[in-house]
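Comments concern the structure below.
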Amino acid sequence: PAHRPLYGKHVLVTAGPTHEPIDPVRYIANRSSGKQGYAIAAAAARAGARVTLVSGPVALPTPPGVDRIDVETARDMADAVRRALPADAAVMVAAVADWRTEDYAPEKMKKRGSAPPALRLTENPDILAMVSVSDKRPKLVVGFAAETEKVLEHAKDKRKRKGADWIVANDVSGSVMGGDMNLVHIVSAKGVDHLPELPKDEVAVALVERIADALNG
Ligand code: C5P
C-alpha cells in the first residue's frame, strides 16, 4: 500500500556515538545526540518496515515499532550489525569513534605522579565499509558524512571509498550537532539530491521515501 511502502522490508539503522573506554570511569567518544538516526528508524517503521536500530549510548526513547539493540563500543556495534543482517537497506548514521585505546586500564587511572598518561590508540572497524563488502550486503547501503567544509567533494570521495550506494552529506558547520534541524545532500551514482534545511524528522521522512523508491523501483 502507498502509505506503507516499506512493508515486508528489513531496514537496519545505526545511530548515536560509540564509547571507547579508557578505564572504568573515562571514555573516548564522538559528539552525537542520535536524533537523526532515531528519526530515520522511526520514519522507516512508520513506512511499514521491520526496523533494527543498533544504538550507541544516547538519551532518547525507542521509537514505536523499532527493535533496538544497545551497544557501547565500535566493536560491539560491528558485532550487532553483523548479527542483524540480512537487511534490505542499511542506513549507517552512527558517529563511530575512529580509534580506541590499545590498553584498557581495568582500574581507574590515578592523577598522582608527574606526567599525564599517554594514550596509545588503535583503529576501530569501519562498520559501513564492512557492510558494503559483506556477502549479506543489503541492496541499498547508505552512509552519512558529517563535514564542515568541501562537503560534497568529501561525500563523493567517501561514497566510493566505503562502497556505499548513497552518502548523505551533512553540513555540520552550523548548529546541527544536538540541534533539531539538518541540512543534507544525498550523493548517489546518479548525482546529488539537495534537500532544503529541514527538521531532522522531515529529513528522515524524505530519506525514507527515497529508500522506498530505491527498494521498490
Ligand atoms: O569516515 P567517516 O567516519 O566520516 O564516515 C562516516 C560514515 O561511516 C557514517 O555513515 C558512519 O556511520 C560510518 N562509519 C562506520 N564505522 C566507522 C566509521 C564510520 O560505520 N568506524
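The values are calculated or read from the model by the stated rules, or taken from the named source; none is laboratory data. Every value quoted in this text rests on a predicted model; they were computed, and no experiment measured them. Counting neighbours? That spans all protein chains shown, and the Cβs are built from the backbone with ideal geometry, glycine included.
Looking only at the range 47-61, which residues are in contact with a Pro (Cβ under 8 Å, 6 or more places away or on another chain) and either surrounded by fewer than 24 Cβ atoms within 10 Å (Cβ to Cβ) or modelled with pLDDT under 95 (or both)?
Within the range 47-61, Ala47, Gly48, Pro57, Val58 meet the criteria.
Given the structure, is Leu152 in a helix (DSSP H, G or I) and closer than 26 Å to Pro63 by Cα?
no
Which of the residues that make up the range 137-185 are more than 18 Å from Gly34 (Cβ to Cβ) and hydroxyl-bearing (Ser, Thr, Tyr)?
Matches in the range 137-185: Thr148, Ser173.
What is the residue count in the range 128-159 for residues that are free of Cβ contacts under 8 Å to residues at least 40 places away in the same chain, away from the ligand (no atom under 12 Å from the Cβ) and not charged (D, E, K, R)?
Residues flagged as free of Cβ contacts under 8 Å to residues at least 40 places away in the same chain, away from the ligand (no atom under 12 Å from the Cβ) and not charged (D, E, K, R) within the range 128-159 amount to 1.
Looking at the range 89-114, which of its residues are surrounded by fewer than 21 Cβ atoms within 10 Å (Cβ to Cβ) and in a strand (DSSP E or B)?
Across the range 89-114, the qualifying residues are Trp99, Thr101.
What number of residues in the range 184-206 are touching a residue at least 40 places away in the same chain (Cβ under 8 Å) and over 13 Å from Asp165 (Cα atoms)?
Summing the residues that are touching a residue at least 40 places away in the same chain (Cβ under 8 Å) and over 13 Å from Asp165 (Cα atoms) in the range 184-206 gives 5.
Can you tell me which of Pro125, Pro86 is in a loop (DSSP other than H, G, I, E, B) and within 16 Å of the ligand (Cβ to nearest atom)?
Every option except Pro125 fails the conditions.
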